Amino acid sequence: MKKQFTLLFILLVVSASAQTALYNNGNVRIHEGGNLGFHTNLINVSPFDSNLGLVGFYGPQPLTVSGTLTPQFYDVEIALDNDLQLAVGVDNSNNTNFILGSIRTPLTQPEIFYTFLNNSFYTGETDVSKVEGYAAITNQQNFGFPVGDSELMRPLILNSESTNLFAKSAYFFEDANTPASLPGSFNTFAVALDVDVVSAIEFWRLEGNIPSTVTLSWNSRSEMVSLTDDADKIIPVGWSKLSQRWINLSGSIPVGNLTEGFVSTEQFNPDDYEIITLGVSRLPYEPLSREVLSLDNYIVSVNDDGVNDSFFIPELEDLGTNLVQIYDRYGLKVFEMANYIDEFAGFSNLNNVPFSSEKGLPIGVYFYTIYISEGDLNYQGFLYLAR
C-alpha cells in the first residue's frame, strides 16, 4: 500500500493575531503509514475521522484545536514547548504519546474533553505532559486517567465491575469549599460519623455509572501531614449527592507515608458523588484496624552488575506463603506474584502498562506490599528502581 494522506482544507490567516490555522471544511483522512504534523492551529468544521497514521502537534507556540466537529485521530503525538488547548473535543483511537506539553481542556466546560476510545492508551505521561482538564474513555473497563494540573500529574485509577460505555475524570487543585471551576460548594466540615477531616487542597471529579473502585494518590503538595500524624488513617471520601456530605469510601489499607502514598475505595457508583478526595478516618473502622508492618526500603538496579539486580527480601523464605504486589507512585499495580522469591527485575508482569514488555518500567519510586496468609500479616515499603 502506498503510504499517503489526502487533505482538503483552506489555510486561513487570522489577521487579528497573525497566526495561521488549518481550516478543515472538507474531508480529511490520513491513510495507514501517513503522518500529519501541526505547527499551527486546527479549526475543524467537517468530518476528520476514519484516520490511520500519526497526527503530531509540534513547536514552541501553544496550539489550539477548535471548530464545530470533534476530530478523531489514530496515533497522536504531543511535542510542544507550550500546551495544546482544546476548544472542542478530540478523540483518540489508538495511542497518545506525551513527549512534551499537555493537552488542556477548560475545567469550567466539562463538555469539552479528550477521549480515549475503546482500546486506546497513552505513553510518556509525566508532570510536564498529561491532560490538564477532562479526559474521557469509551468501552473500557479499567483505566488510569492521566490527569493533573499545570504542575503535577494527579491521576485517578478506575477499576470497574464491567465495561464503561463512557466515563470522564478531571483533577482540581482547588478548595472544595469554594471551587473556582465548579458551581456550588462542598463543605469539608459536613462529614459522616466515621470521617474526621477532609482535604481542602485538591479533589477529583469522576463521572460514570458502573460500580467501580478508584485509587487516589497523595504527595507532599497534598499536605496530608496537616490533617493527620498517622498515614494509616488516610481514606478516600466522596461528596454524596443524596446526603450532601462527605462519605467514607475506604476499601483498602493505605500504602505509603504522610509524604507519598495511595489508597483505594470500596466499590461505589461514581455518579452518586459530585467529587472525591482524601480525608482522615475516625478510628477504629475496618479495614484500617488490620495491622500493617513496615519493612526496609530497597534499591533495584537493573544493570546486570550482580548487585541488587532484582527485588529480593531474604525474610520471605521464613514467612510462608506470600503474595507480593508492586505499585507505581500513583497506585497503579505493575507487578503481582504469589509465592514470590526474587522475580521482579524492573519489568511488569501485568497487561495494564504499555511499556512493560521491552523497555521495562520507568526509573523512580515504587511501593510494595506483601501479604502472608499464615498469621494474616501485611507488610509494605518502598523500593527505588534504577537502571
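Just to confirm my numbers, what's the Cα centroid distance between segment 50-102 and segment 201-244 in Å? Taking the Cα centre of segment 201-244 as reference, the centre of segment 50-102 is 30 Å away. When peptides 144-154, 239-249 are sorted by average Cβ neighbour count within 10 Å, with the highest value leading, the order is 144-154, 239-249.
Within segment 292-386, what percent of beta bridges assigned by DSSP are antiparallel, to the nearest 5?
The answer is about 75 percent antiparallel.
Computed over the Cα atoms, what is the radius of gyration of the chain divided by 2.2 N^0.38 Å, N being its residue count?
1.06
By DSSP, the beta bridges lying fully in the chain are antiparallel in about 60 percent of cases.
Under 12 Å of direct C-alpha separation, and excluding same-chain neighbours fewer than eight residues apart, LYS168 reaches these aspartates and glutamates: GLU111, GLU207, ASP271.
Residue-wise HN-Hα couplings along segment 371-387, as the Karplus relation 6.51 cos²θ - 1.76 cosθ + 1.60 with θ = phi - 60° gives them from phi, are 10, 10, 5, 6, x, 6, 9, 10, 10, 8, x, 10, 9, 10, 9, 10, 9 Hz; Gly and Pro carry x. For the chain, set up a GNM with springs between Cα atoms under 10 Å and report which of LEU361, LEU216, LEU278 has the largest fluctuation. So, out of LEU361, LEU216, LEU278, the one fluctuating most is LEU361.
Along its first, second and third principal axes, ordered by size, segment 159-224 spans 34, 28, 25 Å in Cα coordinates. Got a sec to turn the phi values of segment 298-310 into Karplus ³J(HN,Hα) couplings, 6.51 cos²θ - 1.76 cosθ + 1.60 with θ = phi - 60°, whole Hz, x for Gly and Pro? Coupling constants for segment 298-310: 10, 10, 10, 10, 8, 9, 6, 9, x, 10, 6, 6, 9 Hz. Sorting 331-341, 368-378 by their mean Cβ neighbour count within 10 Å, with the most densely packed peptide first, gives 331-341, 368-378.
Bear in mind these aren't lab numbers, they're just calculated from the coordinates by the rules spelled out. Remember, predicted model here, so these are calculated numbers, not experimental data. Reconstructed Cβ throughout: ideal geometry from the backbone, glycine too, with neighbour counts over all protein chains shown.
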